[in-house]
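Read the structure below first, then the notes.
The values are calculated or read from the model by the stated rules, or taken from the named source; none is laboratory data. Just so it is clear, the model here is predicted, and its values are computed rather than measured. Neighbour counts are summed over all protein chains in view; Cβ atoms, including those assigned to glycine, are modelled from backbone coordinates with ideal geometry. Areas reflect the complete protein model, heavy atoms only, side chains present, ligands, DNA and RNA absent. Shrake-Rupley method; radii C 1.70, N 1.55, O 1.52, S 1.80 Å.
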Amino acid sequence: MSEPIPLIIANLKANKTWDEVSAWLDKVIPVVETFDGTVVVCPSSPFLVSTLQKLQSLNSKFKLGCQDISKFEQGAYTGEVAASQLVGICQYVIVGHSERRQYFGEDTIAFQKAINAKKSNIEPIYCVQSEQDQIPDNIRIVAYEPTFAIGTGNPDTPQNAQSIAERLKTKGEYTVIYGGSVSADNVKSYLLKEVLDGVLIGATNSLDPQKFIEILNSAKYQ
Ligand code: PGA
């Protein structure tokens, strides 16, 4: 079942202590409650349960996602978090982010991670760097994230991102989002034509709660 769009993901990456995440949530949650779409926060794994508890205690519509999962099922894999361990905690998981591919050599295991997530009913947000990238079966959400745009202040053009989204949608019934240097100033131009279904906001503009709130306030289709 697909979520209301636009779909906005905040990927906090390896940033913030729990106190900082908590303060960030305090500021962002009230804006999410009035947002006409779906907002997902992806904090670092140690803070997932505390974030969940906070969201539940406020009966918030903010959704929770993990930044990564193991290619393995549960077992003797020190340091790993298996998809099945996230059941009841997260609804989403980012899979195949270019930083995982670049720094952790994860090009070939993203497929297995997506399969594991699906088995546990956690929705993979499957990242591709171009429309040529292979996408596993049964993926519903695809994030187009060209590496040149991530964390650089040099976003892809809305026109190019939209035409890639259009072509991806000929290959499957995907919700397609764009990630890479999205800001409050440019977010609307990505969503305007209703071809892209949302955006993924990384460290550049999600860490400062005010900047992220401005993105939410600008992220409307009309
Ligand atoms: P950015 O990151 O918003 O900092 O460019 C995007 C991403 O990691 O997907």
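Here are the numbers:
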| read-out | value |
| --- | --- |
| Exposure of GLU166 as accessible area (Å², to 10), given a probe of 1.4 Å and all protein chains | 100 |
| Cα-based reach from LYS54 at 19 Å (exclusive), listing lysines while leaving out same-chain residues under 8 positions away | LYS16, LYS27, LYS63 |
| Charge dipole (the chain, unit charges on Cβ, about Cα centre) - positive-most of SER84, PRO158, SER206 | SER84 |
| Among GLY151, GLY88, GLY202, residue whose mean-square fluctuation peaks in a GNM of the chain (springs only between Cα atoms under 10 Å) | GLY88 |
| Interchain or long-range residues, amide H under 5 Å from VAL93's placed H | CYS66, GLU123, ILE125 |
| Karplus (6.51, -1.76, 1.60) ³J(HN,Hα), θ = phi - 60°, over segment 161-174, in Hz, Gly and Pro reported as x | 4, 5, 6, 5, 4, 4, 6, 4, 6, 7, 8, x, 7, 9 |
| Karplus-derived HN-Hα couplings along segment 22-27 (A = 6.51, B = -1.76, C = 1.60, θ = phi - 60°), whole Hz, x at Gly and Pro | 4, 5, 4, 4, 4, 7 |
| Added length on full extension, which subtracts the Cα-Cα distance from 0.36 nm per residue, LYS193 to ASN217 | 6.9 nm |
| Solvent-accessible area of GLU194 with every protein chain in place, 1.4 Å probe, in Å² to the nearest 10 | 100 |
| Theoretical ellipticity at 222 nm over the chain - DSSP helices of four or more residues, -39500 (n - 2.57) apiece, nearest 500 | -10000 deg cm²/dmol |
| GLU106 long-range amide H proximity, modeled H, under 5 Å | ARG101 |
| Dimensions in Å of segment 62-143 - Rg and Dmax from alpha carbons | 11.9, 36 |
| Theoretical FRET efficiency, 1/(1+(r/R0)^6), r = Cβ-Cβ of ASP36 and GLU80, R0 41 Å, to 0.05 | 0.65 |
| Where the Cα pairs of the chain fall when distances are cut into 10 Å bins, in % | 8, 37, 39, 15, 1, 0 |
| Check: segment 7-218 dipole with +1 on Lys, Arg Cβ and -1 on Asp, Glu Cβ, in debye | 240 |
| Over segment 1-47: Rg over Rh, Cα atoms, Kirkwood Rh | 1.01 |
| Amide H contacts of SER60 (H built 1.01 Å from N, under 5 Å, at least 5 apart or other chain) | none |
| Rounded to whole Hz, the Karplus (6.51, -1.76, 1.60) HN-Hα couplings of segment 45-59, x for glycine and proline | 3, x, 9, 5, 5, 4, 5, 4, 4, 5, 5, 5, 5, 9, 6 |
